[in-house]
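Accompanying notes for the structure given below.
Read-outs: derived from the displayed coordinates by stated rules, not from any lab. Just so it is clear, the structure is predicted and the values come from calculations on it, not from any experiment. Because the Cβ atoms are built from the backbone with ideal geometry, glycine has one as well, and the counts that use them run over all protein chains shown.
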């Protein structure tokens, strides 16, 4: 790697940390109802929303009611997104005169945006009207992100409350996440993107010669798609499109936006539980995984294509101005910024791309795959990444308890059989979706026919698609057609399980913990803010991921790399 690429990486992670700390502190005050300045400006809007919706802001929901409210709200969102796609041809703001979206793609897309996956089985500019993009997809970007943040806040209350019957109000957590955090940040980011040339207009497509140039209200959607770890591009090629991501500065702003809120929530967590070192410990664990894997991706792509090396051509970053394996990458970003984005977007459950992951070297493509297979907990989605990591922390303290023969504790609460059963579901269900879905797709013609590449790479494409869907990421290897009935339905089911069959056990854990009394720390209590615990947590993540997915990865990217090395 070049010195410039290393500098780009350090600048990125440094910026995320510097911005994440104050944002995390601010969000803690929001959820505690103590954001004084923001409260004066946005508080009246919050109170009007409660009155219009008939919401009791002081309601203290049981975990069952909290989960039911969440599921019903998300189900309504699914129906609305599905319906708008089916009737968009009869609605306004449709300058390209696009007709109804097919039932299977509408089904897949509605699930995708409800679950914060934003998997695209469609081409945005050739399938969705302006109205559908705004009213269905952009609105759902806000609501699905706020859902994840609400679940995290509920889980935090499980640790902070003592012998309490409820977890607070789902509606209050949703409203505060949206109007105090997501909307203001999206407004700022959208203005910055427009200043860089990102398109934002209601004017029709432009006809130039024999070509139609698509445009539309893109900047407003791109801001929340990145901040809410959603993904889904306004245009088909997503953040590689010059109307979505026109300059290196726009690229930097967007990739920072992808990981900013998940990083900041670590510090929110520390403030809410009144132990800031706990937040720093979780942040450190995430960084210890993501930073080395980002450098690994950069190194693999900077080294160039082994097939060209066999021809006596040196295309490594040290030998060319473009810098390594440039297939599927934008020249204005190069391998370094493409690799940073690839690692970040798959770590953060985002799914947007500024380069084509299918064109990465086998080892370069393995890193994004592995980051998703960890369960999207290395920063992960807004809210969902951190509550997933907390589940791993619960498992880590359980393992430590087994080693010393002591009942495990985390943040002053005993971890008992019920919590471990629910934590097991959180880990096992998405992993089962990945492996079972990949096995079925690899065995039936409906799964193999849409795959254009034979052998190990074709298997990698199938494995990547189910990994992405089951972990609510949304990115894909490009050499596979996923808008047919088989993949639309299979991925839809995987997205549902990966989202809601994780949320419900997490809320069950929160409800169980909130009813427990706090246990005073003793000399036998495992400190969970020390480097030792951070190492234990990272080791638990790596061990679970390795035992679950290395056999499948060995059949795809690993054997592809070995085959390529042997041939060249």
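Numerical summary
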| read-out | value |
| --- | --- |
| Per-residue Cβ neighbour rank within 10 angstrom, fewest leading, 280, 63 | 280, 63 |
| Shape call, segment 215-374: gyration tensor on alpha carbons, a/c limit 1.5 | oblate |
| Linear extension gain, residue 4 paired with residue 97, 0.36 nm per residue minus alpha-carbon span | 28.9 nm |
| Contour excess over end-to-end distance, with Cα ends at residue 18 and residue 515 and 0.36 nm allotted per residue | 175.3 nm |
| Spacing of the two label points (7 Å from each Cα toward its C-beta) at residue 80 and residue 535, in nm | 5.0 |
| Segment residue 420-residue 40, length gained on full extension (0.36 nm per residue, minus Cα span) | 132.6 nm |
| Listed peptides 92-98, 474-480, 66-72 by packing density, highest first (mean Cβ within 10 Å) | 474-480, 66-72, 92-98 |
| Highest-first arrangement of 217-229, 507-519, where packing means the average Cβ count within 10 Å | 217-229, 507-519 |
| Per-pair calculated FRET efficiency, R0 = 30 Å: residue 50 and residue 160 via Cβ, rounded to 0.05 | 0.80 |
| Whole-angstrom gap from segment 402-419 to segment 224-291, using each part's C-alpha centre | 32 |
| Cα gyration tensor, segment 1-105 - rounded (a/c under 1.5), prolate or oblate | oblate |
| Segment 161-301, relative contact order [Cα under 8 Å, separation at least 6], % | 16 |
| Label-point gap, in nm, between residue 192 and residue 332 - each point 7 angstrom along Cα→Cβ | 1.7 |
| Segment 3-567 pair-distance distribution - Cα-Cα, 10 Å bins, rounded % | 4, 19, 30, 28, 15, 5, 1, 0 |
| Cα centroid of segment 490-568 to Cα centroid of segment 126-203, whole Å | 25 |
| Inter-label distance for residue 522 and residue 448, nm, one decimal - labels placed 7 Å from Cα along Cα-to-Cβ | 6.0 |
| Gyration tensor verdict on segment 456-568 (Cα atoms; rounded if a/c is under 1.5, prolate if a/b is larger than b/c, oblate otherwise) | oblate |
| Ranked packing of 194-207, 102-115, 373-386, most packed first, by mean Cβ within 10 Å | 373-386, 102-115, 194-207 |
| MRE, 222 nm, helices only [DSSP H, n ≥ 4, -39500 (n - 2.57), over the chain, to nearest 500] | -20500 deg cm²/dmol |
